[in-house]
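Working notes, beginning with the structure itself.
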Amino acid sequence: MSSLICLCGCFTACSGNSDDNGEEPDNGEVTGPITLTVDKAKIEANGTDMATFTVTDANGKVLTTSEYMKNVYFEDVTTGDYLERRTNTFSAVENGTHKFKAYYLDWESDEVSVTAQNRKNYELFYRKVGVFKMTGTWCTYCPAMTSALKKVEELMPGRMVKMAFHSSSSSATDPFHLSQTSTIMSRFGASGFPTCIYDLKVMSIDRNVSAIKQTLQSQIRQYPATCGIKVNTSYNSSMGEITVNAALEVELGGRI
């Protein structure tokens, strides 16, 4: 009998979920259902204006505090993305309406909406991010990166200029090998494939769609475009002439 009691005690101690610090879930202190509210229904799409979410239980207990946040998740239902862990704020650099849900353990809230607006007031020129993709025809993981970038391009059209830099491996030859690939990778301390380097500033091996979106948004927010080039072309087939008109505009001045 004593052996049985000891065994049961062992299972009790090892069962259940815990967070990063080994704390047990606190659902015994919380009463469902949960309610999600937001302090702003509209925010400026400038990357700094934020909507702050609050989650409460059936008794009005606030769950978006350090004591409970370990079990709170926020989903952007519109995109399928989740806010970073232990984060309850949202900002944007694109216009659009986003619907959010909150989750606390087994409970799920109703949706609330946040609309990001007036992007044109903060981005005079349309910013594109240079994406330097380190890849190889022999690389078995590289198609996953290509697929993720394609998905992000669908969600954020026209925001990337993608360039593929190929490299051979020690055991396989890539017919598109470029000597510059190893130079770029060495500069950023990259060693694996695939690797993406954004604007020659940020290196990432992440093939997660949400993470790539966040990287692009961060680059757009931190390094806005301050000038723009407009090009119009026309072709006269009878004379075989191509006419090109180009204009450069900078944020602090007029046209050049």
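The values are calculated or read from the model by the stated rules, or taken from the named source; none is laboratory data. Bear in mind the structure is a predicted one, so any value in this text is a computation, not a measurement. Cβ: placed from backbone, ideal geometry, glycine included. Neighbour counts: every protein chain shown. Just the protein is used for accessible areas: all its heavy atoms, side chains included, with ligands, DNA and RNA removed. Shrake-Rupley method; radii C 1.70, N 1.55, O 1.52, S 1.80 Å.
If you take every DSSP beta bridge whose two residues both sit in region 143-256, what share of them, in percent to the nearest 5, is antiparallel?
Within region 143-256, antiparallel bridges account for around 95 percent of the total.
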Once the whole set of protein chains is in place, how much accessible area is left on SER169, using a 1.4 Å probe, in Å² to the nearest 10?
40 Å²
When every protein chain stays in place and a 1.4 Å probe is rolled, HIS177, HIS98 sorted by accessible area with the largest first are HIS177, HIS98
Any idea what % of Cα-Cα pairs in region 161-256 are farther than 22 Å?
56 percent
Stokes-Einstein D (µm²/s) once Rh is taken as the Kirkwood radius of region 25-136 over alpha-carbon pairs, at 4 °C in 1.567 mPa s:
84 µm²/s
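What length, rounded to one decimal in nm, is gained on full extension from PHE125 through to VAL62, with 0.36 nm per residue of separation minus their alpha-carbon distance?
Difference between extended and current length: 18.5 nm.
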For region 188-210 and region 122-180, what is the separation of their C-alpha centers, rounded to whole Å?
9 Å
Estimated distance in nm for a label pair at GLN222 and LYS101, the labels positioned 7 Å out from Cα along Cα-to-Cβ
3.3 nm
Assuming R0 = 30 Å, can you tell me the calculated FRET efficiency for the pair SER237 and GLN180, based on Cβ-Cβ distance, to the nearest 0.05?
0.20
Around ASP81, which amide H atoms from residues at least 5 apart in sequence, or from another chain, sit under 5 Å from its own amide H, with H modelled in the peptide plane?
ASP76
How much FRET efficiency would the formula 1/(1 + (r/R0)^6) give for SER170 and TYR82, where r is the Cβ-Cβ distance and R0 is 30 Å, rounded to 0.05?
0.20
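Going highest first, how would you order 235-241, 40-46 by mean Cβ packing within 10 Å?
Descending packing order for the listed peptides: 40-46, 235-241.
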With only alpha-carbon atoms in the gyration tensor, what are the semi-axes of the equivalent ellipsoid for the chain, in Å, largest first?
46, 29, 14
Derived scalar couplings ³J(HN,Hα) [region 123-136; Karplus, 6.51 cos²θ - 1.76 cosθ + 1.60; whole Hz; x for Gly, Pro]
9, 5, 10, 6, 8, 10, 9, x, 10, 9, 9, 7, 8, x
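At 1.4 Å probe size, put VAL62, VAL112, VAL93 in order of accessible surface, largest to smallest.
So the residues, ranked largest to smallest area, are VAL62, VAL112, VAL93.
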Using a simple charge model, +1 on the beta-carbon of Lys and Arg, -1 on the beta-carbon of Asp and Glu, nothing else, what dipole does region 151-256 show about its Cα centre, in debye to the nearest 20?
260 debye
Quick one: length gained pulling ASP110 to ALA246 fully straight, 0.36 nm per residue minus the C-alpha distance?
43.9 nm
Rounded to two decimal places and with Rh computed the Kirkwood way over Cα pairs, what is Rg over Rh for region 150-207?
1.00
Please report the accessible area of ILE229 (heavy atoms, 1.4 Å probe, ligands and nucleic acids excluded) in Å², nearest 10.
130 Å²
Region 116-156: spread of alpha-carbon positions along the three principal axes, whole Å, largest first, is 45, 17, 10
Each label point is 7 Å from the Cα along the Cα-to-Cβ direction; what then is the distance between the points at GLN214 and THR54, in nm?
2.6 nm
So for region 205-256, using the alpha carbon gyration tensor with a ≥ b ≥ c as root eigenvalues (a/c under 1.5 gives rounded; past that, a/b versus b/c decides prolate or oblate), I'd call it oblate
Given Cβ point charges of +1 (Lys, Arg) and -1 (Asp, Glu) and nothing else, what value in debye, to the nearest 20, does the dipole of the chain about its Cα centre take?
1240 debye
